[in-house]
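Enquirer: Quick one: the structure is below, and I'll ask about it shortly.
Throughout, read-outs are computed from the coordinates displayed, never taken from laboratory work. This is a predicted model, so every value here is computed, not measured. Here Cβ is always computed from backbone atoms with ideal geometry, including for glycine, and neighbour counts include all displayed protein chains.
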Amino acid sequence: MEIEAEIKKWGNSLALRLSGAMAEVPDFSVGTKVCVSISKDGLVIKKAVKESKKLNLPYSEKSLLRGLNPETVHADELAILSEAESGS
């Protein structure tokens, strides 16, 4: 789809009003974050892509859980009781 529009003055800036299909087709609304690519030929406006906050960690979840079972999962947290604590 191609729509002809006119750039207008808005304060000390230039503005392009997104109305009708220019806002409806890409589902733009007030507050939509966009990415504007600028070249000598013009502008391309696209919805901003949310970056996933995926961390690049040295270990995978699978490798960290390898060898764990219900009996060993908290073995490192088990207390070793002294004779006084055990009542022996």
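Enquirer: GNM, the chain, Cα, under 10 Å: largest mean-square fluctuation among ALA21, ALA48, ALA75?
Expert: Of ALA21, ALA48, ALA75, the Gaussian network model singles out ALA75 as fluctuating most.
Enquirer: Related question: Among GLY11, VAL34, ALA75, whose Cα sits farthest toward the positive end of the charge dipole of the chain (+1 at Cβ of Lys/Arg, -1 at Cβ of Asp/Glu, about the Cα centre)?
Expert: After comparing all options, I get GLY11.
Enquirer: Now for a different question. Would you kindly calculate the mean projected area, averaged across all directions, of the convex hull enclosing the Cα atoms of the chain, in square nanometres?
Expert: 15.0
Enquirer: Report ³J(HN,Hα) in whole Hz for each residue of the stretch 22-31, in order, from the Karplus equation J = 6.51 cos²θ - 1.76 cosθ + 1.60 where θ = phi - 60°; Gly and Pro get x.
Expert: 5, 9, 6, 4, x, 6, 7, 8, 4, x
Enquirer: Here's another thing I want to ask about it. Looking at the chain, which GluC sites (Glu not before Pro) are DSSP coil and have at most 12 other C-beta atoms within 10 Å of their C-beta?
Expert: Those that pass, being in a loop and sparsely packed, are GLU2, GLU4, GLU6, GLU51, GLU71.
Enquirer: Still on this structure, I have one more. What does the charge dipole of the chain about its Cα centre add up to, to the nearest 20 debye, if the Cβ of each Lys and Arg holds +1 and the Cβ of each Asp and Glu holds -1?
Expert: 820
Enquirer: Count of lysine pairs in the chain with Cα atoms under 17 Å apart, counting only pairs 8 or more residues apart in sequence or on different chains?
Expert: The result is 4.
Enquirer: Can you list which of the trypsin sites (Lys or Arg not before Pro) found in the stretch 34-88 are DSSP loop residues with at most 10 other C-beta atoms within 10 Å?
Expert: Here the sparse-neighbourhood loop sites are LYS40, LYS50, LYS53, LYS54, ARG66.
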